[in-house]
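Here the structure is laid out as structure tokens; the discussion comes afterwards.
The values are calculated or read from the model by the stated rules, or taken from the named source; none is laboratory data. Predicted, not measured: the structure shown is a model, and the values here were computed from it. Ideal geometry is used to build each Cβ from the backbone, glycine not excepted, and the neighbour counts take in all protein chains shown. Quick note on the areas: whole protein, heavy atoms, side chains included, nothing else; ligands and nucleic acids left out. Shrake-Rupley method; radii C 1.70, N 1.55, O 1.52, S 1.80 Å.
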Amino acid sequence: MLRRSRSGRASTGLRRFCLGALGVLLFALPAWAGEPARVTLRLAAGPDGAQWITARVTDAEGAPVPEASVVFKLRTAFGWLTLEERRTDASGRARTRLPAGTRATEIRAESGDVEGVGAILSVGARAPESPRVRPGRDVLGTLSPQPGFISPRPVPELVALLALVLGGIWATYGYVAWLLWQIRSSGSRS
Amino acid sequence: MSTRQATPRFSEREERLLASLTAGGAGTYALIGGLLAVFLWGLVAYATQLRHGLGVTGLRDHVLWGVYIANFVFFIGVSHVGALMSAILRLTGAEWRRPITRMAEAITFASLLMGGLMPLVDMGRPDRLLNLVRYGRLQSPILWDVLSITTYLTGSTLFLYVPMIPDLALLRDRYAGGPAWRRRLYTLLSLGWQDTPAQRHRLELIVRVMAVIIIPIAVSVHTVVSWIFGMTLRAGWNSTIFGPYFVSGALFSGAAAVITAMAAFRWAYRLEDYITEAHFRRMGYLLIALGLAYGYFTFAEYLTPAYKMATAERGYLAAVFSGPFARLFWFTQLTGILLPLLLLTLPRIAWVPRLHRVPLLRPRPALAAAATYAVASVVLPAASPSLTMAGLNLNEWIPPWVLPALAVWLFLAFLPVLHARPITAAVVASLLVNVGAWLKRYLIVVPTLLNPFLPIQRAPAGWAVYQPTWVEWSITAGALAGFLLIYIGFSKLFPIVPIWETREAPESREAAVQEGIVGVAAV
């Protein structure tokens, strides 16, 4: 009884040890599977016309590194602007969408800790995609509380105001020209 | 021959007022020749710019407006006062205006022509001007500016031309000398004027209508010019006060230009009986009032952002107050606003002549001290660099308070002189105002562009500063010469002092002298 209970306790301890070791193994699997050694970047247009940046993280042997942290950055006039932080999938890929209208010359992806690896993609100064539908007052109304004068199309009220003011002035000039004609006519008669 | 004999002659008074058409000595032709040479040199510089592009100027990606736009704002500002002042004085019935209104209106015409050209010069590709019409946005202040300047040029030309019709008829009937084309021109422009009651009624109606309508147009023109800056989100520009600030500055510099023109014509054609000291006194009052308003607006314009020193504006304000533009800024404020106001006001004080009794406050000691300072601080270091290299830099030995003290001394020493010569005081003040006005326009345009919200980076070092090149200076000098040529050309072709308007003087001699329409000798 005593022997059985001792062996039972031993097997329980062994089972706990094995379970613990398995847990540690599972937890450490990504790191054990491979450290990020190389990042490659690719820029491609999505079906909706948006630009997608894809980073592929591989280890020293060229195998994809899953669950690796990837930070996407964009060079702006202020310096590097962090776009988004993502984790790689099983194929070692992580991707993010470039904000519409971005005029970036360089995109950077970093993976790993402080001494991690990264890659820079020079994309050149691309002209922003022209919007497929020109924004009207409904769109601009959500962007600015007073969209009237900055609207891409002349605001009817503004056109009417300008026409009224300028038309009034030029009509007065016309009246003056008519009076001058009258002066000339009466001079030639006399 | 018989027609020639039948041509009536000008009266003595008319001959004196038409002196600018008939008189012309070697000095006049030398002046016109010199101005023509400068203007042609400006054209050569512009041809260089057209051929090689804006790269021959100091303009780059960041400072894309420089001297040319400063010239534009300056000329439009000077143009402001002519029609506006003339219209206001006509409507308020100020009789003393009569001899000087046409001078003011001609300034408007000449400066608008040159000012309107400046944005074209600023364009690297003037052949793309048509794009402004094809693709111009009605929402943009730049298009408003084109519309308002065109409207103002038309209106001010009419306002200049219509009151001139009776004088043109006089020239048509009595101007016997000169080439035939001049008589044809006078015949064409006088519109068959016979001075009938119907014609006179219509002419007076036109003048009244134009005087009313030209005031809002003139105000709107410079307000719209200010909106080109004010509507832009840039440090130093994005200000609600820019409209009235520009209008007051324009009136200030324009009134100063009128005073300078009055003095020049008075001196050149001996018009002392018609452009009297009373005119300078009244224009001086106007300049003082406008200068005070302009000074107040300047104070208000800078105090609001300077109080906050917000991040975006700190760099701009530091550059202007204590940085690379500080000397120019403080010089402009002192000599462009404060000194002219002092010159126009202090010499009028009754005890000023008594300053002559103090031996040290006479011009000679003050001039001697100023000359000594100039030799010690400028001439000697420049003439003998070895002194400076040996560590004997005299500038380091002279305390900084010496220069302002000398300036005050000189000013006090010359106060009695200016008291005795009020016209000289007014002219000196006016010239200072105009120089200060141009410098202020430069200070409005350039420092803001050099201090954008996003700091200048990843650009060649030379692009972060602006230094106008010989091309820009030459074109600027050419534009000024062009303005003066148009103005002098106008005065050689048309009477610069209205003849029929000055003839309609108040009934009594006392009233005429009091109103300043004519001098004592002319009545």
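Taken over the range B:88-113, the criterion of being open to solvent by 10 Å² or more (accessible area, probe 1.4 Å) and either touching a residue at least 24 places away in the same chain (Cβ under 8 Å) or among the small types (Gly, Ala, Ser) (or both) is satisfied by B:Ile88, B:Arg90, B:Leu91, B:Gly93, B:Ala94, B:Glu95, B:Trp96, B:Arg98, B:Phe109, B:Leu113. Against the condition closer than 15 Å to B:Leu443 by Cα, open to solvent by 20 Å² or more (accessible area, probe 1.4 Å) and under 25 Å from the mean Cα position of the chain (by Cα), how does B:Phe329 come out, does it pass? So B:Phe329 fails the test. What about B:Ile213, is it buried (at least 22 other Cβ atoms within 10 Å of the Cβ) and within 19 Å of B:Arg102 (Cα to Cα)? Judged against the criteria, B:Ile213 is not a match.
Pull up the range B:123-174, narrow it to residues that are open to solvent by less than 60 Å² (accessible area, probe 1.4 Å) and among the polar types (S, T, N, Q), then point me to the one that is modelled with the lowest pLDDT. Among residues in the range B:123-174 that are open to solvent by less than 60 Å² (accessible area, probe 1.4 Å) and among the polar types (S, T, N, Q), the one modelled with the lowest pLDDT is B:Gln139. With a requirement of 2 or more residues that are at the interface with another protein chain (Cβ under 10 Å from one of its Cβ atoms), the helices (runs of 4 or more DSSP H) lying completely within the range B:93-198 that satisfy it span B:141-161, B:165-174. In the range A:168-190, the residues that are more than 7 Å from chain B (Cβ to nearest Cβ) and farther than 16 Å from B:Val212 by Cα never reach a residue that is among the aliphatic types (A, V, I, L, M) and open to solvent by less than 40 Å² (accessible area, probe 1.4 Å) with C-beta atoms less than 6 angstrom apart, at least six apart or across chains. Which of the numbered conditions does B:Tyr316 fail, given that it passes all the others? Conditions: (1) open to solvent by 80 Å² or more (accessible area, probe 1.4 Å); (2) more than 28 Å from B:Ala425 (Cα to Cα). Looking at each condition in turn, B:Tyr316 falls short on (1). Tell me which residues, restricted to the range B:200-211, are within 16 Å of B:Gly93 (Cα to Cα) and more than 9 Å from chain A (Cβ to nearest Cβ). Within the range B:200-211, B:Glu204, B:Val207, B:Arg208, B:Ala211 meet the criteria. Could you run through the range B:297-311 and say how many residues are surrounded by fewer than 17 Cβ atoms within 10 Å (Cβ to Cβ) and in a helix (DSSP H, G or I)? Going through the range B:297-311 one residue at a time, the tally reaches 8.
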